[in-house]
């Protein structure tokens, strides 16, 4: 079975720093491949609370260096490698996670294979293909990903301001995870707002879209209500992720929800 497990659905400083939602990123199980994406604060705790096994991880992926996406990366590397005594797995990160102000500590680096993300890069983990098709528009180097497995194509759009190239980049994915921090745009922050997320979903038209990484504005406006509104508007099944939620990626393919 292939599935995505949300270790935390909080985004933005107020929500993360006050732990109004947990902030551990998400775990992808694609067949027998396990990948942890964006292990923010509390990721290791949630991994164990949900009965997941860090030693089963094949890779850790950081979309970017911001602390709500990378805080637990070093301790997760240690958990994945038995404290560094059993080097294994891959760490896939933008180059600015490594230098000059690294979020990856030097002492953990020898225990894992490190791959620097480049725009358009594609790698293979067993029978899973991972492509980093485009660089997002965010204050630091940031990349989304498309995961291709027997269950279909899953796209992840992490933190970014809206730009039209996102539509063609993610066209054809079966599942789409979007980070939606805000209800209204603030150009200083450079995150998607809910209206822009709805536009992307309507144009990309995945089988299912999953909203996550909610800031305070979105929590106050009810992520579940916003998902229902977008579903009704677009005819695409849209759900709001919750902490600890598991979404099955092996459901029969359908053209639209309604």
### Message
If the requirement is being within 14 Å of residue 203 (Cα to Cα) and in contact with a helix residue (DSSP H, G or I) (Cβ under 9 Å, 6 or more places away or on another chain), which of these qualifies: 170, 175?
### Response
170
### Query
Looking at residue 219, is it at pLDDT 95 or above, buried (at least 22 other Cβ atoms within 10 Å of the Cβ) and either touching a helix residue (DSSP H, G or I) at 6+ places or on another chain (Cβ under 7 Å) or assigned to a strand (DSSP E or B) (or both)?
no
### Message
Quick check on this structure: which one of 230, 204, 239, 210 is surrounded by 21 or more Cβ atoms within 10 Å (Cβ to Cβ), in contact with a strand residue (DSSP E or B) (Cβ under 9 Å, 6 or more places away or on another chain) and more than 28 Å from residue 141 (Cβ to Cβ)?
### Response
230
### Message
For a quick check of your reading: which strands (runs of 3 or more DSSP E) sit entirely within the range 2-82 and have at least 1 residues that are in contact with a strand residue (DSSP E or B) (Cβ under 7 Å, 6 or more places away or on another chain), in contact (Cβ under 8 Å) with a residue 40 or more places away in the chain and surrounded by fewer than 24 Cβ atoms within 10 Å (Cβ to Cβ)?
### Response
3-8, 33-37, 59-61
### Message
Tally up the residues in the range 117-131 that are touching a residue at least 40 places away in the same chain (Cβ under 8 Å) and closer than 16 Å to residue 65 by Cβ, please.
### Response
0
### Query
Scanning the range 123-139 for residues that are over 19 Å from residue 167 (Cα atoms) and in contact with a strand residue (DSSP E or B) (Cβ under 9 Å, 6 or more places away or on another chain), which turns out surrounded by the most Cβ atoms within 10 Å (Cβ to Cβ)?
128
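The values are calculated or read from the model by the stated rules, or taken from the named source; none is laboratory data. Keep in mind it's a predicted model, so treat the numbers as computed, not measured. Because the Cβ atoms are built from the backbone with ideal geometry, glycine has one as well, and the counts that use them run over all protein chains shown.
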